[in-house]
């Protein structure tokens, strides 16, 4: 066995490294082959393709030079957001298994442990061989890639810096995964167990995080909102102490966060520093495991039972919870009570995983029932975690922060018909912009709305799981006090997002559901505030943009069935914005929740790109007198209702719902072509809701068919779909519609 006192004597480190390299030559061969294909052949082909595309599409009149254009392709291949990390992961795992694989063979372990060198020196030399080989090979091919990109006019000074930083991050990733794999090998007694343990070490944290964030929270928390793709990585990604793999990808996402104007490298090093610290700790554990490992630790399982028991629970608990969650989803019981089937499946999976772990570690199927009582611990722990999310033990859905710790609030609809651009003409994500810039001063009103909205959405979800989804047609299809009318679905309120920006920099976000019977004064305190309107309508953004560029294009006024348009100058746009800004003083929840717009003003310049394009939309209400006067001044105003003489027929489609449950019962429709009925119907129609706070979902679809006059001997028919509300509809028309049932919801 290895000596604890002898040094290398006549054995030179160079000779030892050469001998180790020969024994692992297949790893080096695979590494070189992969890197040649990627760093040389792949890079050349990708740059050649980019050069061809630039000449075909971008070179004529482009402000982007060939070098700038191709540097993007170089970055995709060997830069910060490249797939080089995949190569690193593969080589790190293979190298980790290869360097200490001799411990699984009796002859090999006897040979290595009988060498006249200390075990410490042996570990260092074997370990460094894999790490240094990768670091040197990757550096050679990284520099080769930089040279190829430079020769093909596809590299900038900044690009060289990013490629070299990417190289350092890849070496760090290799260091971390290499250490984790080696630790898995050293605590395992055979290759199969080592593979399983390495998989748990490397991916366990990511899988558990995914289960919690993407599974349990989104499944069992009715108000859960994932801001990752809205706010960007800089604001949402946090380091994971046990997952260097996650930290590497998180750093890549932070670097590629195009919405941040700061240095693209800012924020990524916190992930790498944590990874470095974690990797050093793992290396120390691996070293300790090698020093205490016995020569006879060959066979099945892991070196110490405690390791097996910990790994058993780490695997069994998440898998049992996942199985129970899947059953709940299948039974549509995610917001209801506890299902007996879910609990049975949870315990069953916990038992199966514990039994399989024993079989794998023992290498004998008879060992399945050994330590069977462990599944009770796994089952109890799994039930406890499952209950925490299922019953919302910590009050996620009812959370309201201490308002003294809140800096500002936001309340908005996630999806808006408005398109927003920043002062430089760059397209903005409206949800992100609202989360970061909406500043509502009345925090108390926002908190009250949020508290009510959170309770409503939770109750609605429970309600959806248990209410019978269909019903027979009532005995009489006539008007009844037990039914309401609409376009189907709920009429209880509106989805919304509430967020709190805390003074410590944290952002807390929740989905809520605002009921339609909410106190309108409370809603007006928020929706009618300057903090809401300034952000939601973004007029200041347009004005700031006008200071930097001349905005011209086409302005149209659309009332649904007709639209008038004109060319606008920057002066006309400024005049319009002033008129609209004055009218926004009339905008509040009461207006948006009960009135349909009479038209939409659209401003565009027909440019189909994110930069330098203009596409603004403004809803106009009858109370917007300044805006309407502007439209009349420039002769693009159109009445919101068509002339009855131009309408050939009116097709009204309506869904009848149970008033108590708001579930759709049946659909009905009728077609009216009589002049008298058409006149009455046309006088009642309104534009389809477009405003984000328009809560009236109980309107009926009305399709008007127009006679546009003869064309080549035929009649040209144009259709327009609007909304009409049943409570405004004459009884005889409403009765005729309800008598013609076309679909029953069963």
### Message
Cβ contacts < 6 Å: first residue touching a residue at least 12 places away in the same chain (Cβ under 8 Å), restricted to the range 623-645; second residue part of a loop (DSSP other than H, G, I, E, B) and crowded, with 17+ Cβ neighbours inside 10 Å, any location; separation 6+ or different chain. Result?
### Response
631/637; 638/559; 640/559; 640/598; 642/561
### Message
Contact list please: Cβ distance under 7 Å, first residue in the range 40-68 and modelled with pLDDT under 80, second residue surrounded by 14 or more Cβ atoms within 10 Å (Cβ to Cβ) and in a helix (DSSP H, G or I), pairs at least six apart or on different chains.
### Response
58/69; 64/58
### Scan of the range 388-418 for residues that are in contact (Cβ under 8 Å) with a residue 24 or more places away in the chain and either outside any loop (DSSP other than H, G, I, E, B) or on the phi > 0 side of the Ramachandran plot (or both), ordered by number
389, 390, 392, 403, 405, 406, 407, 408, 409, 410, 411, 412
### Query
Would you pick out the residues in the range 313-362 that are farther than 22 Å from residue 208 by Cβ and in a loop (DSSP other than H, G, I, E, B)?
331, 332, 333, 335, 336, 337, 338, 339
### Query
Is it fair to say residue 280 is touching a residue at least 60 places away in the same chain (Cβ under 8 Å) and not in a loop (DSSP other than H, G, I, E, B)?
no
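For the range 300-309, name all the residues that are within 28 Å of residue 122 (Cβ to Cβ) and surrounded by 13 or more Cβ atoms within 10 Å (Cβ to Cβ). Break it down into steps so the answer makes sense when it comes.
Narrowing the range 300-309 to residues within 28 Å of residue 122 (Cβ to Cβ): 300-308.
Residues satisfying the conditions are 300, 301, 302, 303, 304, 307, 308.
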### Task
Pull up the range 220-233, narrow it to residues that are part of a helix (DSSP H, G or I) and buried (at least 17 other Cβ atoms within 10 Å of the Cβ), then point me to the one that is modelled with the highest pLDDT.
220
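Select, from 76, 17, the only residue that is under 30 Å from the mean Cα position of the chain (by Cα), assigned by TED's automatic domain parsing to the domain that holds residue 146 and either modelled with pLDDT under 90 or assigned to a helix (DSSP H, G or I) (or both). Give the steps one after another, and end with the answer.
Numbers: 17 fails: under 30 Å from the mean Cα position of the chain (by Cα).
Checking each option against the conditions leaves just 76.
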### Query
Somewhere in the range 632-651, is a residue modelled with pLDDT of 90 or more and assigned to a helix (DSSP H, G or I)?
yes
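Only one of 402, 392 is more than 20 Å from the chain's Cα centre (by Cα) and surrounded by fewer than 14 Cβ atoms within 10 Å (Cβ to Cβ). Can you tell me which?
Details: 392 fails: surrounded by fewer than 14 Cβ atoms within 10 Å (Cβ to Cβ).
Among 402, 392, only 402 is more than 20 Å from the chain's Cα centre (by Cα) and surrounded by fewer than 14 Cβ atoms within 10 Å (Cβ to Cβ).
Among the listed residues 267, 251, identify the single one that is more than 30 Å from residue 398 (Cα to Cα) and part of a helix (DSSP H, G or I). Can you show your working first?
Values: 267 fails: part of a helix (DSSP H, G or I).
Just a single option satisfies the conditions, and that option is 251.
The values are calculated or read from the model by the stated rules, or taken from the named source; none is laboratory data. None of the values given here were measured: they were computed from a predicted structure. Please note: Cβ atoms are built from the backbone with ideal geometry, for glycine as well, and neighbour counts cover all protein chains shown.
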